[in-house]
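This report refers to the structure that appears directly beneath it.
The values are calculated or read from the model by the stated rules, or taken from the named source; none is laboratory data. On a predicted model such as this, the values are computed, not experimentally measured, just so you know. Cβ placement follows ideal geometry from the backbone for every residue including glycine, while neighbour counts extend to all protein chains displayed.
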Amino acid sequence: MTYFDSSLAFETDFDEQTNDEDFLIALQLQNQIDKEEKENDKQLDKVTQIHPMNVVDKQWELTDPNPDIHTLFQQFNHQFFYAKLDCVYVEWSKRMTRCAGICYYRRGGECRIALSASYLTLRPRKDLVETLLHEMIHAYLFVTNNNRDRDGHGPEFLKHMVRINDVTGANITVYHSFHDEYDHLHGHWWRCTGACRQWKPFYGYVKRSMNRAPSNRDRWWGKLCS
C-alpha cells in the first residue's frame, strides 16, 4: 500500500506559490525601473536637442573648472573636427602676453596651438574652451586646406565657427578680447616723442609686459624712428 504525504505536497505547493509571488514582485520592480529610465531618457533628449554637446554649460565651472587642455583637445578633435587634428600639438605658454591663443606652423607640416597661461588660467573655463576651439579651427583649415593665414577669418573659418557654436552653445568669436588682462600684463608703457605720436592706431604708445624700453634693437625701429 502506498501512502501519500500531504505535508510534503503542501510544502511543495507553498514553495511554488512563493516563487511565483517573488517573480511577480521582481517583474513589477523591473517594469518600474524601465519606466523611470525611459522618463529620464526623455528628459535627457529634451536637453540634448537644445545643445547636444554643450561645452560651456555653467555646471562645468563647478565640476571641472581647470580641465586638462590635452584631454579637451582630444575630445573636441573627435567631436567637432572629424579626428583630423591627431598630428596637432597643444601646449601652455607662460611667455605669451599679447594674445590668449595662437596657432602656428613650422617647416615639415608641423602645427601647434599655444594657449596663454597668463590670460586663461585665472579666467572662467568657458574662455579657455572658446579660445581652444578658435585655434582648433585655424589648425583644421591648415591640416585640411594648407591654409596658413593665422590672422584670416574668412568664409571657411566663419562657417566652422557658426557650425560649432550652433551645436555647443559656445560663443566662439573672430577675436579674443581680454582687455583688462592685457592692460594688467602690459604694465610698462612708453610714448614716442616724434611724429608717430600723431599716427593711428597707437599714437606713439608702446606697451610691454617687461620693463624694456623701445630701442634700435626692435625690428620696427628703423622704419619709424630713423
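Since THR71 meets every condition but one in (1) under 23 Å from ASP166 (Cβ atoms); (2) exposed (fewer than 15 other Cβ atoms within 10 Å of the Cβ); (3) under 11 Å from the mean Cα position of the chain (by Cα), which condition does it not meet?
(1)
Test SER215 against the stated conditions and say whether it is at pLDDT 65 or above and out of contact with any Phe, Trp or Tyr (no Cβ under 6 Å at 6 or more places or on another chain).
Yes, satisfied.
Any chance region 103-116 includes a residue that's among the basic types (Lys, Arg), on the phi < 0 side of the Ramachandran plot and more than 17 Å from the chain's Cα centre (by Cα)? Please lay out each step first, then the result.
Initially, region 103-116 is screened for residues among the basic types (Lys, Arg), giving 106-107, 112.
From what's left, on the phi < 0 side of the Ramachandran plot: 106-107, 112.
This time we only want the ones that are more than 17 Å from the chain's Cα centre (by Cα), so: 106-107.
Yes, because at least one residue in region 103-116 is among the basic types (Lys, Arg), on the phi < 0 side of the Ramachandran plot and more than 17 Å from the chain's Cα centre (by Cα).
Scan region 166-191 for residues that are modelled with pLDDT of 90 or more and buried (at least 17 other Cβ atoms within 10 Å of the Cβ) and jot them down.
Of everything in region 166-191, those that are modelled with pLDDT of 90 or more and buried (at least 17 other Cβ atoms within 10 Å of the Cβ) turn out to be THR168, ALA170, ILE172.
Would you check if there is a residue in region 45-54 being outside the structural domain of VAL129 (by TED's automatic domain parsing), modelled with pLDDT of 55 or more and assigned to a loop (DSSP other than H, G, I, E, B)? So that I can check it myself, show each step before the final result.
First, pick out the residues of region 45-54 that are outside the structural domain of VAL129 (by TED's automatic domain parsing): 45-54.
Cutting the leftovers down to modelled with pLDDT of 55 or more gives us 53-54.
When the remaining residues are screened for being assigned to a loop (DSSP other than H, G, I, E, B), the result is 53-54.
Checking region 45-54: at least one residue is outside the structural domain of VAL129 (by TED's automatic domain parsing), modelled with pLDDT of 55 or more and assigned to a loop (DSSP other than H, G, I, E, B).
Out of all the residues in region 58-74, is one or more over 20 Å from MET136 (Cα atoms) and polar (S, T, N, Q)?
Looking for residues that are over 20 Å from MET136 (Cα atoms) and polar (S, T, N, Q), one finds at least one in region 58-74, hence yes.
Could you give me the residue pairs with C-beta distances under 6 Å whose first residue belongs to region 125-139 and is of a type outside the set (A, V, I, L, M), whose second residue is modelled with pLDDT under 95 and assigned to a helix (DSSP H, G or I) wherever it lies, and which are 6+ apart or on separate chains?
From residues that are of a type outside the set (A, V, I, L, M), the pairs are ARG125/TRP60; ARG125/GLU61.
For region 119-151, which residues satisfy the criterion of being hydroxyl-bearing (Ser, Thr, Tyr), under 18 Å from HIS70 (Cα atoms) and surrounded by fewer than 22 Cβ atoms within 10 Å (Cβ to Cβ)?
Within region 119-151, THR121 is the sole residue that qualifies.
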